[in-house]
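Accompanying notes for the structure given below.
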Amino acid sequence: MELAASVTGAIFTETVRSMSGSVRNRINATNRFEENWRAFDTALPSLKEIRTKVKKVLETMEVKGESVQFRLRRWLEDVEGIVSEATSLGEKRLSSILFLKWRLGYKLSSLVEDIKRLEELGVHLLDRCAGDGSVKRIEYIPGPTIFGLTTATGMLSDIAEKLKDNGIHIMGVWGIGGVGKTTLVKALNNKLGKEHNTHPFRLVVWVTVSKEFNLIRVQRQITERLKIKTNLGDTSEELAGRIRHVLTEETNVLLILDDVWEPIDLNLLGIPFTRRPDSLKVVLTSRFHDVCRNIHTDVDFKVECLSGDESWKLFCQSAGNVARSDLVKPIAKAVSRECGGLPLAIITVGSTLRGKKDVKLWNHALKELKRSVPYATSIEERVFKPLKLSFDSLDDKMKSCFLFCALFPEDTPIKIGELVSYWMAEGYIDEEGNHEESMNEGMTWIENLKDCCLLEDGPHDGTIKMHDIVRDFSIWVTSSSQSEYHSLIMSGSSLREIQPNKFVSSVQRVSLMQNKLEKLPESLVECAQASTLLLQYNSHLLEVPQGFLQAFPSLRILNLSATRVRSLPQSLCLLYSLQSLILRDCYFLKELPSLNTLLKLQYLDLCATGIRETPEGLEVMTRLRHLDLSRTHHLISIPAGTISKLTSLETLDMSLSSYHWNTKGQVQVGHATFEEIGCLTSLYALSVRLFSIPSLSFKVYSLIGRLTRFQIFIGSDVLSLPTRFDMRMIKLSSYNVSQVSIGWLLVNSTSLILNNCTGVNELFKKNLVNEDIRSFDVLKSLTINGFPASLGPSGGSMAQLDLFPNLEELHLQHVASETISELFGNLGFRFQRLKLLDISWCSKLTCILLVGNWILSLPSLEEIRVSRCERLQELLVYSPGILEASHEPLLPKLRVVKLKSLSKLKRICDQGEPLECLEQIEVIDCKLLGSLPISSKNAAGVKE
């Protein structure tokens, strides 16, 4: 009995403890009920607001004919479920039952977490879809056509079909160099772009890997394509995490990895890989089947050489009709056969012989192709032989210019301006002409090399690149010590050290750029013939030994840009033949040795160095043509008489330099004056900062008149200047423009920037009341930033004169006008040639244009950008009956509208306004905007 009582007591005690714990938990949960409900009341409206934005985005995408984003649709479905559940909970909120409140408390807590998760995901999806953060589904990649090549088009169809197979996730495309692998996958990319409604991929990402594999470089290509925000110092692990986070949220993604030379761990790249039907798929190209196998491809396609018929068809496309003429055709067919079916070789040889009608030339070409060369049995030789034919057809200077391109790392875009400057320093281009003439000659040579298929367009404007095979050929040509073009090329190879035995006396050029070199050899065999030494982008390099430069007595080009050198050795002064010294972005370089022996120097680039004064000996450089002192943030001294002695100077770039020029009488004794620049009769491009507007003198006036490009910043504030001479620009900051004579300076300017200036209306009035003053006739761009009053002088409401007859761009920031239409009546603006209207931070602006009276049409306007104007309600406001009365549209050429952070904007324009040319409209954070100006008249043309 005692035992039973003991057991019963223990059970009762434990039961009571359990019940009391449960009740206590319920009471605590009930106490948290109101706290959870307050969190719920805060979170749900925010989620509903994001839901509204998502719906608008989807509506816009549907109007434009785009496929609806699956992720947005799925997100909306989840949100609707949450909202429905929230409504149900709201009905139970007033219940006083303890048990029900306990249950609701737990449910609310879980629901708030779900709401916050969906809110975060919604913001992320909107960022991906809106404005500048949008990611194009498929980017068109230019490349040769495969039209008419049966084998290639057939393989393209096979690859596209295999991509639909849910059991295939990684696909390899392999074959020898020059056989057309990259061309094939470019065609695949573009095919998917054209047929986006018939394939499952919502996103295609193209990445070029290259022979010298660099994990971070490849990752950055992916982050740039996906518009993932990164930091300069991010590690590969951090980049992989960001890539993985974004791609995990995506479905049906295709990743194309072009030119893979070794197996890649996709996980290290940040590629999330599963075997789900909608998971990411990969297509890679490689010269080696082993690479495909080691990456565990599911299926591989070998790209074979072209058949005889296809080779002949492609050859005729490249060589033109002359190949089919009766006399040439038999020889042309033999030449085509000698190309071995390699598309690159066929195109190269065919382009070289295009238009050549002399049978002797064709026979010579055939003879050269049949000649044996070293290592004739290797795969590379099958390409190198036909490439050598094209190379041998060049004259000596053109050969040297072509081979110079191989000094740059593989797959690196080469800036045309930089390349031509090198050619000029090497002496390949005539020094007698001015810079513009020399650049034109260089551009002509580049076009000739492109016509021979030895160079091709780069990924950006103003760049070119070498095909991998062509670069390999170039290195093969220059690698022999017996070659007259012998070069040491180890650029982009991740070198930390270079052995002295790599340098031999026969070397002509040395390229060690874009490595990780920490030191250079102290002494070398003398490289007496070397003319070029490229060491830029070795960010770990701290010094250049005295003996190292002594080994290169004949140097014409020395580039140490973006290294960490703090000083240069005295042996620099022994480089008597030096034409080009480039020290750009050497931030730690504080001073240079005397340059008074470098009498042949023509190009000196000290941009973004740490120098405090110009180097000693600069004044004796009478052959110097280009001096770059831009971004010299510590420069405080230019000795008097230095600049005026540079009698050959053509460009002087001091944009973003801390140095302010001043005029005679206002400058410290011993310092250069602005008048010295007026002595430079060869100068055509100038970018400088002045403390004040110089007094009108014949010397200064004639200087401004003869400059082709200039950027002159006047004022005390430190503001940015563009770093390129792309216009004739005057920028005034914190200056009273009415107190000095400025018209003579503006009459030659195409761009005027007035930043926080006073006296602006008075300046305009002078031109309005006196028709003989035409200061703004050539002005094409006007920027006004920081003007607290309405623009336009009092009494100017009847202005009949068009003050800016040729204005194409108008930028207004922090201006107090209520409407831009004020500029019509007060200043006589007509805007007949205006192409861009850019307005931001104008707090009093209620509408952009009042249509009627002064404004009936803006015939040339192509783009409107408006942001952060807190009172703006409408872009266009119409006078009664104006739309019905007008026979012409107000904005017949408007293509682009970009609107951002306009909290009160309700309408863009009247629904009757036909914006037939509209192509792009971006709306970000405009909560009250009810509709977009998209109709049946322009929906087909709107691209995004």
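Given ASN515, LEU601, SER531, which one lies farthest toward the positive end of the charge dipole of the stretch 480-605, if we put +1 on the Cβ of every Lys and Arg and -1 on the Cβ of every Asp and Glu?
Farthest towards the positive pole: ASN515.
Could you line up LYS699, LYS465 from fewest to most neighbouring Cβ atoms inside 10 Å?
Going from least to most buried by this count: LYS699, LYS465.
Treating only the Cβ of Lys, Arg, Asp and Glu as charged (+1, +1, -1, -1), what charge dipole size does the stretch 396-476 show about its Cα centre? Round to the nearest 20 debye.
260
Rounded, prolate or oblate: which fits the stretch 396-476 when a ≥ b ≥ c are the square roots of the eigenvalues of the alpha-carbon gyration tensor, with rounded for a/c under 1.5 and prolate only if a/b beats b/c? Please list the in-between numbers first.
Working: a/c = 1.90, a/b = 1.52, b/c = 1.25.
Prolate, because a/c is 1.5 or more and a/b exceeds b/c.
Go through PHE473, TYR422, THR444 and say which Cα lies farthest out towards the positive end of the charge dipole of the stretch 396-476; charges sit on Cβ, +1 for Lys and Arg, -1 for Asp and Glu.
Selected residue: PHE473.
Relative to the present Cα-Cα distance, how much length would full extension add between ARG137 and ALA816 at 0.36 nm per residue of separation? Don't jump to the answer; show the numbers that get you there.
Numbers: separation 679, 0.36 × 679 = 244.44 nm, distance 4.11 nm.
Working it through step by step, the gained length comes to 240.3 nm.
Number of Lys-Lys pairs in the stretch 396-476 under 15 Å by Cα, sequence gap 8 or more or different chains?
4
Readers should treat all values here as calculations from the given coordinates under stated rules, not as data from a laboratory. Bear in mind the structure is a predicted one, so any value in this text is a computation, not a measurement. When we count neighbours, we look across all protein chains shown, and the Cβ atoms used for this are built from the backbone with ideal geometry, even at glycine.
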